[in-house]
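Undergrad: Below you'll find the structure I mean.
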Amino acid sequence: MSNSFTNGRNGRSRAAQRSGTTERAITIASGALLLAPVLRKRSIIAWTAAAAGGALIYDGVSGACAVSQKLGLSAGSPATQRIHQSITIGKDAAELYALWRNPDTMTRLMRPWADIDIAGQNHIRWSVPLPIGPAVSGEAVMVEERPNEMVHWSTMPDGGLQINEWFHLNPAPQNRGTEVTLEYLVDFSRLQGGRTIRAISSFFDKAPHMVIGKVLHNFKALAETGEIPTLERNSSARSQNESQVNNRWRGDLV
Amino acid sequence: MRALCWNGVNDLRVESVPDPSIVNPHDAILKVTMSTTCGSDLHFIDGYIPTMRAGDIIGHEFMGEIVETGPEVKRIKRGTRVVIPSFVCCGSCWYCKHDLWSLCDNTNPNANLQEPLLGYPTAGIYGYTHAFGGYAGAHAQYVRIPHADTDCFEVPEGLRDEQVIFLSDAGPTGYMGADFCDIAPGDTVAVWGCGGVGLAAQKAAYLMGAGRVIGIDRFPERLEMARKHVGSVTINYEGVDSVLEVLKDMTGGRGPDSCIDAVGMEAHGTGVQYAYDRVKQAMRMETDRGGALREAIMAVRKGGTLSILGVYGLMDKFPIGVIMNKGLTVRTAQQHGQKYMRRMIEHAQKGEFDLSFLATHRFPLEEAARGYEMFKNKTDQCVRSVFLPN
Ligand SMILES: NC(=O)c1ccc[n+]([C@@H]2O[C@H](COP(=O)([O-])OP(=O)(O)OC[C@H]3O[C@@H](n4cnc5c(N)ncnc54)[C@H](O)[C@@H]3O)[C@@H](O)[C@H]2O)c1
Ligand SMILES: [Zn+2]
Ligand SMILES: [Zn+2]
């Protein structure tokens, strides 16, 4: 899989600014520390820390860029961000296209992060619950589709957070099926405001990276096996009482 | 139900946890009749492998009886007695179809947690860290088995639990390790480690045509097992100046045709390199003490095969130049149990691959923490503790 992105504000590829090993180790470690409390508590502070922690862990393992830039609380978030990632699935394009366009598939794939309401074949309402205050929500419509090749969705501009999503299909060599590429363009420029909003926007700044890989892996599993691997109702002596939101994010924020 | 849970470094406790239930359509629920300890568990019990969480149920080597099946389970029926490889595998992806089962693409719910560490994610394992999926483990009364039709293997009549249990993990690991060596009739194969995995590898090497198998360890009872139950020649590395020189003497100066590492990241050793590794590992500056592996790399003949079964994380001072200049073939993997299971069961039925001698100590599940303690410290010559959860 490839995973690259560019920072729309300064126009430079962040991949070009990969951080060194030591800094990366520190980043991973402090990310893990920030995350530790949220696995137990459910306060706004813990949650904000978790958002930053998840971001730091992500940056640590990907070595994407400097710690200082990352918290971003004073500097604000980048205006736009474009990321893409690919996965090869052992099915032909027609089958994958049909599965992707099935409304039930979108609901299932987004379930770890967002509730999706199907408003029509080409129109959804989405909402991301937060530990306090109202959920962040909005609507999205399908902008363009080319059967067995491409689908483009976009959130409505009034949503505050502007997200464009492209789904591409290309034949894979050696009878390996189809190469599926998912691409997101996220515009944060409308998300301004107080400290909480800035923390949340910094959280959403990282969210696409966590979402994109999981959506692709889960889509592949669904296509190849008919189910998505899950830890739902996993027997364990702990963590049964975590909040809904923390549960939702747990897969990425262990 | 009751289950053995990890709570921190060297802190295992049997606790009450929720019963598992069918979640996905290809799931089954297994009532565990027997489960066992593995050297791999020691690595996270000792704190050298990350992404464990307090409350995790551990255990990945097990068997039992199917008590419930999901709507898409067609082949395996309720009441069937089965053994299950430790890796959860879908049976449908490119890797499963190419017999590379532990690399399955579709069974790790935490794929994106593991991907940054390895480049690409692997299959999930029962009870073995969140990077490897976070699935509840097998030292429990019941376990949820995803993809039951692919991963459950029916146990034929006439085989006792002790004869079958090790076909779940130690058996296929050793069998695969010998298979990696492409043994030519009469070859000499040296195996570092006479734990469950090393002994299984030695037995499999003979089955595949080795002329002589050499087992290396320091515990007299384990070396005795290698001689008595496998027919190996043995070396107690504490009783010799240099394992390398002894192996040269035994092979007319050529070296073994293949060397199998069945020790892993917590190798015991002597000398300066061992002291260096211990300090670095204790400071978490490297995860591995790789003494056995380095010795195997030196000992194998030129152009020979190095088969690595021991589990490793990150190691520095790795002698890649020796591998390169000697033209070695290196083969390694987490075990592909589904590939070997039918063959191993046939061998077991003929009495050719009977590993029941590994089960030196039996405990009810309630005493599982003590079972691990004894397994770890080799108390009372313990080689494997087996648990009877029901
Ligand atoms: N590849 C896989 O799929 C897989 C599966 C199971 C286990 N494993 C790994 O295989 C290794 C062995 O597992 P096990 O269950 O047999 O463990 P074990 O702890 O029962 O046995 C390990 C043996 O190695 C011996 N040993 C230690 N240092 C040595 C040295 N320097 N030279 C020779 N022998 C030495 C120990 O005395 C012990 O008898 C572990 O690292 C385990 O994680 C891998
Ligand atoms: Zn094991
Ligand atoms: Zn698979």
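Undergrad: Taking only the range B:99-125 into account, find how many residues are modelled with pLDDT of 95 or more, more than 10 Å from ligand 3 (Cβ to nearest atom) and open to solvent by 40 Å² or more (accessible area, probe 1.4 Å).
TA: The qualifying residues number 2.
Undergrad: Is at least one residue of the range B:218-235 among the hydroxyl-bearing types (Ser, Thr, Tyr) and either modelled with pLDDT under 95 or open to solvent by 40 Å² or more (accessible area, probe 1.4 Å) (or both)?
TA: No.
Undergrad: For a quick check of your reading: which strands (runs of 3 or more DSSP E) sit entirely within the range B:2-94 and have at least 2 residues that are of a type in the set (Val, Ile, Thr)?
TA: B:28-36, B:61-69, B:81-84
Undergrad: Can we say A:Trp153 is without any contact (Cβ under 8 Å) to a residue 60 or more places away in the chain and under 27 Å from A:Thr230 (Cα atoms)?
TA: Criteria met by A:Trp153.
Undergrad: In the range B:12-39, what residues are open to solvent by 40 Å² or more (accessible area, probe 1.4 Å), farther than 11 Å from B:Asp56 by Cα and within 12 Å of chain A (Cβ to nearest Cβ)?
TA: B:Ser16, B:Pro18, B:Asp19, B:His26
Undergrad: May I ask you to say which residue of B:Asp182, B:Asp169 is more than 14 Å from chain A (Cβ to nearest Cβ) and more than 14 Å from ligand 2 (Cβ to nearest atom)?
TA: Result: B:Asp182 is the single residue among B:Asp182, B:Asp169 that is more than 14 Å from chain A (Cβ to nearest Cβ) and more than 14 Å from ligand 2 (Cβ to nearest atom).
Undergrad: While we're looking at this one, here's another question. Applying the selection to the range B:126-137, what residues are modelled with pLDDT of 95 or more and of a type in the set (Ser, Thr, Tyr)?
TA: Across the range B:126-137, the qualifying residues are B:Tyr126, B:Tyr128, B:Tyr135.
Undergrad: Could you grab me the full set of residues in the range A:198-240 that are among the hydrophobic types (A, V, I, L, M, F, W, C) and modelled with pLDDT of 85 or more?
TA: Residues satisfying the conditions are A:Ile212, A:Val215, A:Leu216, A:Phe219, A:Ala221, A:Leu222, A:Ala223, A:Ile228, A:Leu231.
Undergrad: Of all the residues that make up the range B:314-373, how many are more than 21 Å from B:Thr37 (Cα to Cα), in a loop (DSSP other than H, G, I, E, B) and in the same structural domain as B:Phe62 (by TED's automatic domain parsing)?
TA: Here the count works out to 3.
Undergrad: When the residues of the range A:95-134 are filtered to those that are open to solvent by 50 Å² or more (accessible area, probe 1.4 Å) and among the aliphatic types (A, V, I, L, M), which remaining residue is modelled with the highest pLDDT?
TA: Per the criteria, the residue is A:Ala98.
Undergrad: Just need a number here: residues in the range B:58-98 that are away from chain A (no Cβ under 11 Å), open to solvent by 40 Å² or more (accessible area, probe 1.4 Å) and either within 15 Å of ligand 1 (Cβ to nearest atom) or among the acidic types (Asp, Glu) (or both).
TA: The qualifying residues number 2.
Undergrad: Next question, about the same structure. Taking the range B:169-185 only, how many residues are more than 11 Å from the chain's Cα centre (by Cα) and within 14 Å of ligand 1 (Cβ to nearest atom)?
TA: Result for the range B:169-185: 3.
Undergrad: Just wondering, is there one or more residues in the range B:40-57 that are in contact (Cβ under 8 Å) with a residue 24 or more places away in the chain, touching a Phe, Trp or Tyr at 6+ places or on another chain (Cβ under 6 Å), within 12 Å of chain A (Cβ to nearest Cβ) and open to solvent by less than 10 Å² (accessible area, probe 1.4 Å)?
TA: No, the conditions are met nowhere in the range B:40-57.
Undergrad: Among B:Pro71, B:Pro85, B:Pro121, which is of a type outside the set (Val, Ile, Thr), in contact with an Asp or Glu (Cβ under 9 Å, 6 or more places away or on another chain) and more than 22 Å from A:Ile87 (Cβ to Cβ)?
TA: Just a single option satisfies the conditions, and that option is B:Pro85.
Undergrad: What's the total number of residues in the range B:121-145 that are assigned to a loop (DSSP other than H, G, I, E, B) and more than 7 Å from every other protein chain (Cβ to nearest Cβ)?
TA: Residues in the range B:121-145 being assigned to a loop (DSSP other than H, G, I, E, B) and more than 7 Å from every other protein chain (Cβ to nearest Cβ): 13 in total.
Undergrad: Return the residues of the range B:151-187 that are surrounded by 24 or more Cβ atoms within 10 Å (Cβ to Cβ) and either modelled with pLDDT under 95 or not aliphatic (A, V, I, L, M) (or both); say none if nothing qualifies.
TA: B:Asp151, B:Cys152, B:Phe166, B:Ser168, B:Asp169, B:Gly171, B:Pro172, B:Thr173, B:Gly174, B:Tyr175, B:Gly177, B:Cys181
Undergrad: Pairs under 6 Å by beta carbon, first residue under 18 Å from B:Val73 (Cα atoms) in the range B:90-106, partner small (Gly, Ala, Ser) and more than 6 Å from ligand 3 (Cβ to nearest atom), six or more apart or different chains?
TA: Close Cβ pairs satisfying both conditions: B:Asn106/A:Ala221.
Undergrad: Out of all the residues in the range B:300-313, which are surrounded by 14 or more Cβ atoms within 10 Å (Cβ to Cβ), assigned to a loop (DSSP other than H, G, I, E, B) and not charged (D, E, K, R)?
TA: Answer for the range B:300-313, where residues must be surrounded by 14 or more Cβ atoms within 10 Å (Cβ to Cβ), assigned to a loop (DSSP other than H, G, I, E, B) and not charged (D, E, K, R): B:Val300, B:Gly304, B:Leu309, B:Gly310, B:Val311, B:Tyr312, B:Gly313.
The values are calculated or read from the model by the stated rules, or taken from the named source; none is laboratory data. Note that this is a predicted model, so its numbers are computed, not measured. Every residue, glycine as well, gets a Cβ built from its backbone with ideal geometry; the counts of neighbours run over all protein chains shown. Heads up: the accessible areas ignore ligands, DNA and RNA and are worked out on the full protein's heavy atoms, side chains in. Shrake-Rupley method; radii C 1.70, N 1.55, O 1.52, S 1.80 Å.
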